[in-house]
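**Student:** First, the structure itself, so that you have it in front of you.
The numbers here are math on the coordinates, done by the rules we state, and not lab data. Everything numeric here is computed off the predicted structure, so don't read it as measured data. Cβ coordinates were reconstructed from backbone atoms using ideal geometry, including for glycine residues, and neighbour counts include every protein chain displayed.
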Amino acid sequence: MRKSEAEGLIEQAYAAWDAEEWQRAADLYERVLAHFPDVRPSAAWWYDAALGHKFLRNWDKAYELGVQAAARAPRGEGDPAFWNLGIAATIRREWAVARDAWAGFGIEIPDGEGEIEGRFGHACVRLDTGGEREVVWIERLCPTRGRVVNVPVTGGRRYGEVVLHDGQPNGERVVDGSTYPVFDELLLFEPSDLPTLQVTVAAGEPADLEALTALFAAHDFGAEPASGLTVHCACCSEGTLHKEPRTAHEGAQRVCLAAPEEDARRLLELWAGEKAIGRSWSGLEIMG
């Protein structure tokens, strides 16, 4: 391939990229890279080709091209080639490559081999299931994975599942002066086998409901008032929302649970029996 022909293909790739024709753009970049893998601008071409396949959710190609892009990127400087490779490697469970990619980006990863189980703080993820969207809280296990710590109301989604999210925040939540990013989900990484239930509880005082949520949490299950759910338009959800900390209240109310039904009944009975007056429950239903 002559240099002039390569320049023409790159111009076509730029035009395809601007038109969001990701497959065509990636194909054009690859045609040029097959002949000019290491010329001065090739690092950007490798990156764009890999990114195009990320947009297409073609993770095998995003990984293959991402390895090449990262090999030509400066380490420890936050280069996005490493981040995108970290995502693709995580999806393929190529843990050694993922660990090296995060280190190349400049992130300190817990020592060890295999799956990364770190403590990267809390964030939010916008679940996307068949067009239904719900923002939930997660405990981050690595730069791109987090365990859901809410009881989702979206059908098919569950407390305790591990989701894989994008690296660019798309909104933020502010709680008690602390700001948390909202990431978009890329895929469900590990499902949870905990069913979602709802129950009506009567709490004599706020501390009673707090005791219920703490009891379920102590058994690695979820419990939270259904009243905690708020609905926002897409524009607001993708902006900055100031959230008031959830406060328990007394009285009859619906509570969402994440636990096997038998365990849920046992814990509800235990909770109600801890006080002679002021605690009761009824109407336990399996929601999904």
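**Student:** Tell me which residues, restricted to region 175-201, are surrounded by fewer than 16 Cβ atoms within 10 Å (Cβ to Cβ) and touching a Leu at 6+ places or on another chain (Cβ under 7 Å).
**Tutor:** 187
**Student:** Pairs only if they're at least six apart or on different chains, beta carbon under 6 angstrom, first in region 145-167 and within 30 Å of residue 80 (Cα to Cα), second of a type in the set (Gly, Ala, Ser) and part of a loop (DSSP other than H, G, I, E, B); list them, first residue then second.
**Tutor:** Sorted first by the residue in region 145-167, then by its partner, the pairs are 160/192; 161/192.
**Student:** Continuing with this model, one more query. Going through 27, 60, 111, 18 one at a time, which residue ends up being surrounded by fewer than 19 Cβ atoms within 10 Å (Cβ to Cβ) and over 28 Å from the mean Cα position of the chain (by Cα)? Write out each step before concluding.
**Tutor:** Numbers: 60 fails: over 28 Å from the mean Cα position of the chain (by Cα); 111 fails: over 28 Å from the mean Cα position of the chain (by Cα); 18 fails: over 28 Å from the mean Cα position of the chain (by Cα).
Step by step, each of 27, 60, 111, 18 is checked, and only 27 is surrounded by fewer than 19 Cβ atoms within 10 Å (Cβ to Cβ) and over 28 Å from the mean Cα position of the chain (by Cα).
**Student:** For region 203-220, which positions are farther than 20 Å from residue 262 by Cα and either small (Gly, Ala, Ser) or surrounded by fewer than 17 Cβ atoms within 10 Å (Cβ to Cβ) (or both)?
**Tutor:** If the condition is that a residue be farther than 20 Å from residue 262 by Cα and either small (Gly, Ala, Ser) or surrounded by fewer than 17 Cβ atoms within 10 Å (Cβ to Cβ) (or both), then 203, 204, 205, 206, 207, 210 are the ones that fit.
**Student:** Please specify each residue of region 53-92 satisfying the condition of being touching a residue at least 24 places away in the same chain (Cβ under 8 Å), in a loop (DSSP other than H, G, I, E, B) and of a type outside the set (A, V, I, L, M, F, W, C).
**Tutor:** Passing the criteria: 57, 72, 75, 76, 77, 78, 79, 92.
**Student:** Another question, then. Please state which of the following conditions residue 68 fails to meet, knowing it meets all the rest: (1) touching a Pro at 6+ places or on another chain (Cβ under 8 Å); (2) closer than 26 Å to residue 162 by Cα.
**Tutor:** With (1) touching a Pro at 6+ places or on another chain (Cβ under 8 Å); (2) closer than 26 Å to residue 162 by Cα applied to residue 68, the lone miss is (2).
**Student:** Here is a further query. Among the residues of region 26-52, how many are of a type in the set (Val, Ile, Thr) and assigned to a loop (DSSP other than H, G, I, E, B)? Write out each step before concluding.
**Tutor:** Initial filter on region 26-52 (of a type in the set (Val, Ile, Thr)): 32, 39.
Subset that is assigned to a loop (DSSP other than H, G, I, E, B): 39.
Result for region 26-52: 1.
**Student:** For region 260-288, enumerate the residues that are closer than 19 Å to residue 210 by Cβ, among the hydrophobic types (A, V, I, L, M, F, W, C) and in contact with a strand residue (DSSP E or B) (Cβ under 7 Å, 6 or more places away or on another chain).
**Tutor:** Just the residues of region 260-288 that are closer than 19 Å to residue 210 by Cβ, to begin with: 264, 267-281.
Subset that is among the hydrophobic types (A, V, I, L, M, F, W, C): 264, 267-268, 270-272, 276-277, 281.
264, 268, 271, 272, 281, listed by residue number.
**Student:** I'm checking my understanding of the structure. Among residues of region 165-208 that are closer than 16 Å to residue 145 by Cβ and among the acidic types (Asp, Glu), which one is nearest to the chain's Cα centre (by Cα)?
**Tutor:** Selected residue: 185.
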